[in-house]
Amino acid sequence: MKTETSLQWKLVKYLLAFVIALLALLWLFQVVFLDSFYQRFKIEGIEKIGNTLAANLESEKFTEIVAQQARQNDACIRVLNGLGQIQTTNTMGCQLYNLSNAEIAEYVAQAQANGGSYLDIQSEKVVSELPNGNLLLSNKHGSKNLIYFKIVDNTSYFKTIIMVNTHISPINATTETLRTQLGYIALIVVVASLGLAYLMSRKIVKPIVNINQSARQMAEGNYDIVFTGRGYKEITQLNDTMNHTTRKLKEVDQMRRDLIANVSHDLRTPLTMISGYGEMMRDLPGENTPENVQVIIDEAHRLSNLVNDLLDLSKLQENKIELHIQDFDLTQLIQTVLYRYEKFMTQDGFDIQFQPAESVRVNADPDRLGQVLYNFINNAINYSLDDKRIVIRQLVNGNRVRVEVEDHGEGISEDKLNYIWDRYYKVDKTHKRSSAGSGIGLAIVREILELHHAQYGVRSEVGQGSVFWFELSMASDSKSVPACAG
Ligand code: ADP
């Protein structure tokens, strides 16, 4: 298995690589290429003198310019034209005065052949006296003599010859100094960068290590952990995200526990009824009545409804359900649904009112909208107290239709309103009718209505009752047809 390098080491490595590259660059420029850079600089300088003088030949201040160029560049300058010498500077040690006429003619010819200018780089000679008294002419190490000739065709009849002479001094001593200095700089920079890497990594890595430790605890199921690492923006953001995740995980975990409690409770009630009634009918022949068989069938239906709801929700949430959208009469659908509740109206004393002013058509999936209505009405019945009036309204506004189911039951407190659409959420976990639901009805409703891009919501007041509603666009050819009495 490939072992990952820690961030700390990576930082040290990158920083060292950067420092070494920087030092190498310094060494290349300051030590290796210094000689050639210096020579190039000198050559460019001498050519520049020639050009400046050529450009100022006619100037009144020519003398001053010559003196200034010589001073600035530590050069000796000689300017001749056909009439003779027109300008000279310090003649001391100047090679230009050692040139014979023949040599000058030679340089002029070279310059003319070379487009007007010629540069001669000579090794400088030193004269030393041998023990036997003879003189020896030898190359002065590293020292060079530059002789530059420039021929200018000016307006006067004669040509002007500009001669410039400079020296390139040996730079061995300078390179040596730089090399030693570079050694010290390298040492200091490497040590400093190691220190910097250590400090940086402490600052960056420490909060990450802290988060990692907390995350490990979270993975082990400790959702009460609080991520506290601070220090810089990214880490603060990561901390906030982790804290948010922990809160969400805690909620999901709580919901999972509730679900197991609810579902097992919801399964146990009908199962107890089924087995109880079954045993009673087996042991007491007189109890083998169609009413008792009906109880078993009803409880079995309740079980299969619960399982179907759970399957439905998981399919809806995985987007595995396709809507069968069609143009249908919504008013009629509400009436059909209500028809099934007639038993409640008569047996349990519920008064369900629905008086639509007109018939409204919508483009939607009728089966799924039926499911929504069943859920709203079932809840209205389940959470009604003594006041058993339930009012269903169909309100048309422009091209929108809104269906409201109003009960006068226990209501929902404001802080719970946002949660009731979450799966497995029950306001009162020990509700007397909890066998009627497991907290997934409204979660299914929400998925269905969102698939329809419908608006939905609830208004509720504790002790007064609740109004659950959804709103859809009407079908474009929806005509106002008087509705049949529901
Ligand atoms: P359940 O199957 O438990 O009714 P739902 O998802 O349909 O699940 O509803 C979630 C929770 O919302 C319910 O447990 C209940 O607390 C609350 N609730 C839903 N409808 C009403 C209502 N009409 N009146 C009061 N509370 C309601």
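The values are calculated or read from the model by the stated rules, or taken from the named source; none is laboratory data. Please read these numbers as outputs of a predicted model, since none were measured by experiment. Here Cβ is always computed from backbone atoms with ideal geometry, including for glycine, and neighbour counts include all displayed protein chains. These accessible areas exclude ligands, DNA and RNA; they are computed on the full protein's heavy atoms, side chains included. Shrake-Rupley method; radii C 1.70, N 1.55, O 1.52, S 1.80 Å.
Observations on the structure shown:
- Residue in region 2-22 that is polar (S, T, N, Q), within 30 Å of Ile161 (Cα to Cα) and touching a residue at least 40 places away in the same chain (Cβ under 8 Å) present: no
- For region 148-202, taking the residues that are of a type in the set (Phe, Trp, Tyr) and surrounded by 15 or more Cβ atoms within 10 Å (Cβ to Cβ), the one that is farthest from the chain's Cα centre (by Cα) is identified as Phe149.
- Flag for Ile49 being surrounded by 15 or more Cβ atoms within 10 Å (Cβ to Cβ) and of a type outside the set (D, E, K, R): yes
- Considering region 215-227, the residues that are in contact with a helix residue (DSSP H, G or I) (Cβ under 7 Å, 6 or more places away or on another chain) and in a helix (DSSP H, G or I) include one that is nearest to Gln8 (Cα to Cα), namely Ala215.
- Wholly within region 311-370, strands (runs of 3 or more DSSP E) carrying at least 3 residues that are over 23 Å from Ser476 (Cβ atoms): 351-354
- Hits in region 456-473 - residues which are of a type in the set (A, V, I, L, M) and either over 42 Å from the mean Cα position of the chain (by Cα) or open to solvent by 40 Å² or more (accessible area, probe 1.4 Å) (or both): Val462, Val467
- Test: residue in region 371-388 that is of a type outside the set (S, T, N, Q), in the same structural domain as Gly411 (by TED's automatic domain parsing) and at positive phi: no
- Taken over region 228-244, the residue count meeting the criterion of being part of a helix (DSSP H, G or I) and either over 22 Å from Ile204 (Cβ atoms) or in contact with a helix residue (DSSP H, G or I) (Cβ under 8 Å, 6 or more places away or on another chain) (or both) is 5.
- So Ala55, is it of a type outside the set (Val, Ile, Thr), surrounded by fewer than 15 Cβ atoms within 10 Å (Cβ to Cβ), within 22 Å of Gln181 (Cβ to Cβ) and without any contact (Cβ under 8 Å) to a residue 24 or more places away in the chain: no
- Counted residues, region 373-425 - those being near the ligand (Cβ under 10 Å from one of its atoms), over 28 Å from His265 (Cα atoms) and open to solvent by 40 Å² or more (accessible area, probe 1.4 Å): 0
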